Amino acid sequence: MSAANSGNPGTTGTPHTPHGFETLAIHAGQEPDPLTGAVVPPIYQVSTYKQDGVGGLRGGYEYSRSANPTRTALEECVAALEAGARGLAFASGLAAEDCLLRTVCKPGDHVVIPNDAYGGTFRLFAKVLDRWGLDWTPAPSGDADAVREAIRPGVTKVIWCETPSNPLLGVADIAQLADIALESGALLVVDNTFASPYLQQPLTLGADVVVHSTTKYMGGHSDVVGGALVAADAELGERLAYHQNAMGAVAGPFDAWLTLRGIRTLGVRMDRHCANAERVVELLSGHSAVAEVLYPGLPGHPGHDVAVKQMKAFGGMVSFRVTGGEQRAVDVCNHAQLFTLGESLGGVESLIEHPGRMTHASAAGSALEVPADLVRLSVGIESADDLLADLEQALR
């Protein structure tokens, strides 16, 4: 059921089967072990492999930076879930982003980035790749005209998109951006971390590459850090694989195994995340201490109609602005009990944070600075009534 012969790490791809998402999550790249019949892929905790004569590789494996069977299983599974030609697993989401950008760009090139991008992505552009000579311009991804205006013909190589975005939950029309990218000769890259492939598949809408922090919903248990790229085009996938090996920030075998373990329950977890988030949004929308709720599922959200068109449901991330300013927002975060104060997102436990002082502090003073009165929730899969009670007391 895997996309390719799992013994050949150079052919990772998507299965040509009619199977549903949940079936692929459990089986793609994960055939029972031929030696023992184990239904879970083994952890190949190994760095090097015996060769049958010089250059005689068994299944294409020689050194685990280049390829490892456990990582291959993860890469095949992620490619299948995103309907892509090639999947690649990395040590973190930012490692995946760095590999992608240094593969498809060179010094002097230009990228259009979202004006509400994740703080770590902004830091990568502004503090690291800027010194390498990669130029960038922020533009609202939900405004097609603004994106077009930000493009520099012949120089812009990538249009970067997060949808929904972190932490303002902005929504961009992926198909529309794909058309703009095609017209301009650029690649469309979509960070699909907030939605996960269960809710949204950007490659099927015309994107060229999908980025994930697999730390989040894919892993789902707050116990592993990782990242992934999935390319729609096999040739681009080969280029990315070359740089993955040359740069070396790969997922280790145990991390790959943990991520695969999480992916197996991604569908059922996302159903509960979404259901709980809708209950939370209902509470916040009618609360006197809340000035605004940011959630694509609300009919009044500016991206609601697009989200309905391209998402299966609206996700487990909710942001809101409080009445009373920054200190009030900080107080709400500090007073929450069941919602754990912490960075990251997408785990089975609910988290709360103040983006301006935590995950997006690197964007302070820039065009990507977030409102000081903003609170971000990663709504977990606990009993919804318990989550509502905790928010009620925190807002008091």
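Some notes on this structure:
- Of the criteria (1) part of a helix (DSSP H, G or I); (2) touching a helix residue (DSSP H, G or I) at 6+ places or on another chain (Cβ under 7 Å); (3) over 30 Å from D390 (Cα atoms), which one Y242 fails: (2)
- Among residues of region 342-380, those that are of a type in the set (D, E) and touching a Cys at 6+ places or on another chain (Cβ under 7 Å), counted: 1
- Taking the criterion of being small (G, A, S), within 16 Å of H110 (Cα to Cα) and either open to solvent by less than 40 Å² (accessible area, probe 1.4 Å) or not in a loop (DSSP other than H, G, I, E, B) (or both), the residues of region 183-203 that qualify are S184, A186.
- The single residue among V281, V268 that is of a type outside the set (D, E), assigned to a helix (DSSP H, G or I) and over 15 Å from M317 (Cα atoms) turns out to be V268.
- Filter pass, L168 being farther than 20 Å from G226 by Cα and open to solvent by 10 Å² or more (accessible area, probe 1.4 Å): yes
- Every test in (1) open to solvent by 50 Å² or more (accessible area, probe 1.4 Å); (2) touching a residue at least 24 places away in the same chain (Cβ under 8 Å); (3) farther than 18 Å from A372 by Cα is passed by G316 save one, and that test is (1).
- Screening I180, I174 for residues that are within 18 Å of G206 (Cβ to Cβ), in contact with a Lys or Arg (Cβ under 9 Å, 6 or more places away or on another chain) and open to solvent by less than 10 Å² (accessible area, probe 1.4 Å) leaves exactly one candidate, I180.
- For region 78-88, the count of residues that are closer than 24 Å to V189 by Cα and either over 22 Å from the mean Cα position of the chain (by Cα) or loosely packed, with under 15 Cβ neighbours inside 10 Å (or both) is zero.
The values are calculated or read from the model by the stated rules, or taken from the named source; none is laboratory data. Computed from a predicted model, the values in this text were never measured in an experiment. Cβ coordinates were reconstructed from backbone atoms using ideal geometry, including for glycine residues, and neighbour counts include every protein chain displayed. Accessible surface areas use protein heavy atoms only, side chains included; no ligands, DNA or RNA. Shrake-Rupley method; radii C 1.70, N 1.55, O 1.52, S 1.80 Å.
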